[in-house]
Amino acid sequence: MSSKDQRMANAFDPATAASLPAREQALIQRRLQLLGQAYRLFYEQPLHVVRGEGVWLYDPDGNAYLDVYNNVASVGHSHPRVVEAIARQAATLNTHTRYLNDSILDYAERLLATLPAASSQAMFTCTGSEANDLALRLAANYSGGAGVIVTSHAYHGVTSSVAACSPAFGHKVPLGVHVRTVPAPDAYRYPDEDVGARFTRHVEQAIADLQRHGIQPAALLVDTLFTSDGVFAEPAGFLAGAVDAIRAAGGLFIADEVQAGFARSGSHFWGFQRHGVIPDIVTMGKPMGNGHPIAGLAARPEIIEAFGRRVRYFNTFGGNPVSCAAGLAVLDIIRDEGLQQNAHDTGAYLKAGLERLAARHELIGDVRGAGFFLGVELVSDRQRKTAATAETGRIVNALRQRRILISATGSAGNILKLRPQLPFSRANADQLLATLDEVLAGLQPPSSASTSSSSTCGK
Ligand SMILES: Cc1ncc(COP(=O)(O)O)c(C=O)c1O
């Protein structure tokens, strides 16, 4: 299998396994034997980890890796308060939602308090994919439509209905006939156009195309930081016109907060809040249980009521007391440790550091993002904005060799994706910046590095 076939930035190519240490080769072989072909590992030299603590992951030899990529264990690997909450609840009771119990209600109350008043009911699942799958069912039921609009390199999950709305899988996973894609709101490649007006126009065109094919729109579904499209956060507010357009066509706006939610964007708890819009349905997952599999959605009650009149919902593990205890601990930690403020402040510090690197390294075409979700677009020609895909892969792997973990995103895989855990400190940011500087300097001939400051970094 060539890395091109794998259709994932930063995927390990099993054909190169022979060059790895014997212990890792044996593990890879065992995975292949037991799990088959469909899984992908990160990095040219896959990382073998045995322990995590705070922002650090450890390999079997005790080496520490700075994790700048893990928004799942978002409040820190093995956070003691989450561990304790899970252990305490597991020792008391774990069951499902067909019995009366306070846990799910206590959690739903706290979770819904972080959302706009309109999103006053919650439903729980185990994964973000299931949350989006359920959201699409709610939207189809409420709107009477079937059409779904997503961005052109969106990823929304793995169930068949959600994979059919996830163009990031590439053309070997067909999109549904009811799905239309629109270009992501890219302020870097189209700096002269109003981002919001352009995005709205594309959504309106997609709506018209659905209607022309006799398909009534059910939903506009977007990751509110457009993370698999390449991280598009600015200018805040650009979603408003598209949300109006889908509603005018009878569809719902589903904010996929699996990546952006739970304080990651720094200025707000939820990514959609940066755009001043109120979604009809909010889906969430990854950081919700700090690694424990809890996910779900929040919606306007009439949407859930219309569904509940026709359909009975039971998800064996969704909303179980142990998951809810983990979820509650995560909310407490974000509040008690001031983690949203840290994402805001340290995120801005990291972004400013990356912008300083962009002034010295020609390869950096753009630095963007919000809070602790940053994208660094690498281009081999700043005027033409030519994707520097190969260099991006070299940087991601060079950092991994220096024990710093990041990855890449975007349809060309040329955008460094930085997604540190919420307690990431300035000292952690300094370590990342210094190492990235060194790696970038090693990639470029000195003559090209000095001519860059006048050119087109940023919008
Ligand atoms: C934006 C977005 N939505 C949904 C999902 C699916 O979540 P899960 O892997 O928990 O099913 C992902 C996973 O990466 C995601 O990034």
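The values are calculated or read from the model by the stated rules, or taken from the named source; none is laboratory data. Please read these numbers as outputs of a predicted model, since none were measured by experiment. All Cβ positions, even for glycine, are placed from backbone atoms using ideal geometry, and neighbour counts span all protein chains on display.
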Reported set for segment 117-133 where residues are closer than 14 Å to Phe253 by Cα and either more than 16 Å from the ligand (Cβ to nearest atom) or of a type in the set (A, V, I, L, M) (or both) is Ala118, Ser119
Using beta carbons and a limit of 9 Å, which pairs, at least six apart or on different chains, have the first residue in segment 110-134 and assigned by TED's automatic domain parsing to the domain that holds Thr316 and assigned to a strand (DSSP E or B) and the second one β-branched (Val, Ile, Thr) and more than 16 Å from the ligand (Cβ to nearest atom)?
Gln121/Ile303; Gln121/Ile304; Ala122/Ile104; Ala122/Ile304; Met123/Ile304; Phe124/Thr97; Phe124/Ile104
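Before we move on, is Val258 within 16 Å of the ligand (Cβ to nearest atom) and among the hydrophobic types (A, V, I, L, M, F, W, C)? Outline the logic, then answer.
On the way: within 16 Å of the ligand (Cβ to nearest atom): yes; among the hydrophobic types (A, V, I, L, M, F, W, C): yes.
Taking the combined requirement at face value, the residue satisfies it.
If a residue has to be without any contact (Cβ under 8 Å) to a residue 60 or more places away in the chain, within 22 Å of the chain's Cα centre (by Cα) and either assigned by TED's automatic domain parsing to the domain that holds Ala388 or assigned to a loop (DSSP other than H, G, I, E, B) (or both) to count, how many in segment 9-41 make the cut? I'd like the intermediate steps shown before the answer.
From segment 9-41, those without any contact (Cβ under 8 Å) to a residue 60 or more places away in the chain are 11-41; that's our starting set.
Filter once more, so that each one left must be within 22 Å of the chain's Cα centre (by Cα): 11-12, 38-41.
Still in the list and also either assigned by TED's automatic domain parsing to the domain that holds Ala388 or assigned to a loop (DSSP other than H, G, I, E, B) (or both): 12, 38-41.
Qualifying residue count, segment 9-41: 5.
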Tally up the residues in segment 150-184 that are within 18 Å of the chain's Cα centre (by Cα) and away from the ligand (no atom under 15 Å from the Cβ), please.
2
How about segment 276-285: which of its residues are surrounded by 24 or more Cβ atoms within 10 Å (Cβ to Cβ) and either away from the ligand (no atom under 16 Å from the Cβ) or not in a loop (DSSP other than H, G, I, E, B) (or both)?
Asp280, Ile281, Val282, Thr283, Met284
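Can you pull out the residues in segment 91-127 that are of a type in the set (Gly, Ala, Ser) and over 14 Å from Gly327 (Cα atoms)?
Of the residues in segment 91-127, the ones of a type in the set (Gly, Ala, Ser) are 91, 103, 108, 113, 117-120, 122.
Within segment 91-127, Ala91, Ala117, Ala118, Ser119, Ser120 qualify.
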So in segment 187-240, with the set limited to residues that are out of contact with any His (no Cβ under 6 Å at 6 or more places or on another chain), of a type in the set (S, T, N, Q) and in a loop (DSSP other than H, G, I, E, B), which one is farthest from the ligand (Cβ to nearest atom)?
Gln216
His292 vs (1) within 13 Å of the ligand (Cβ to nearest atom); (2) crowded, with 24+ Cβ neighbours inside 10 Å; (3) not polar (S, T, N, Q): all pass except (2)
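Starting from residues that are not in a loop (DSSP other than H, G, I, E, B) and not aliphatic (A, V, I, L, M), keep the ones in segment 135-149 and report whichever is nearest to the ligand (Cβ to nearest atom).
Here is the first cut: in segment 135-149, the residues not in a loop (DSSP other than H, G, I, E, B) are 135-143, 147-149.
If we keep only those that are not aliphatic (A, V, I, L, M) as well, we get 137, 141-143, 147.
Details: Arg137: 15, Asn141: 20, Tyr142: 21, Ser143: 21, Gly147: 19 Å.
Result: Arg137.
Tally up the residues in segment 264-274 that are within 16 Å of the ligand (Cβ to nearest atom) and either modelled with pLDDT under 95 or not in a loop (DSSP other than H, G, I, E, B) (or both), please. Working first, answer last.
Of the residues in segment 264-274, the ones within 16 Å of the ligand (Cβ to nearest atom) are 264-265, 270-272, 274.
From the residues that got through so far, the ones that are either modelled with pLDDT under 95 or not in a loop (DSSP other than H, G, I, E, B) (or both) too are 271-272, 274.
Residues meeting the conditions: 3.
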Of the residues in segment 246-255, those that are buried (at least 24 other Cβ atoms within 10 Å of the Cβ) and either assigned to a helix (DSSP H, G or I) or away from the ligand (no atom under 16 Å from the Cβ) (or both) number 3
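Looking only at segment 296-346, filter to residues that are farther than 16 Å from Ser103 by Cβ and within 16 Å of the ligand (Cβ to nearest atom); which one of those is surrounded by the most Cβ atoms within 10 Å (Cβ to Cβ)? Outline the logic, then answer.
At the first step, the residues of segment 296-346 found to be farther than 16 Å from Ser103 by Cβ are 297-314, 333-346.
Pick out the ones that are also within 16 Å of the ligand (Cβ to nearest atom) and you get 297-298.
On the way: Leu297: 30, Ala298: 27.
So, considering only residues that are farther than 16 Å from Ser103 by Cβ and within 16 Å of the ligand (Cβ to nearest atom), the one surrounded by the most Cβ atoms within 10 Å (Cβ to Cβ) is Leu297.
Which of the residues spanning segment 286-320 are assigned to a helix (DSSP H, G or I) and under 20 Å from Val158 (Cβ atoms)?
Initially, segment 286-320 is screened for residues assigned to a helix (DSSP H, G or I), giving 286-289, 301-310.
Once the filter is applied, which keeps residues that are assigned to a helix (DSSP H, G or I) and under 20 Å from Val158 (Cβ atoms), segment 286-320 yields Lys286, Pro287, Met288, Gly289.
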Only residues that are farther than 22 Å from Ala348 by Cα and either surrounded by fewer than 22 Cβ atoms within 10 Å (Cβ to Cβ) or touching a Phe, Trp or Tyr at 6+ places or on another chain (Cβ under 8 Å) (or both): list them for segment 364-387, please.
Ser380, Asp381, Arg382, Gln383, Arg384, Lys385, Thr386, Ala387
Pair list, Cβ under 8 Å, 6 or more apart: segment 271-289 residue assigned by TED's automatic domain parsing to the domain that holds Ile86, other residue polar (S, T, N, Q) and modelled with pLDDT under 95:
Lys286/Asn71; Pro287/Asn71
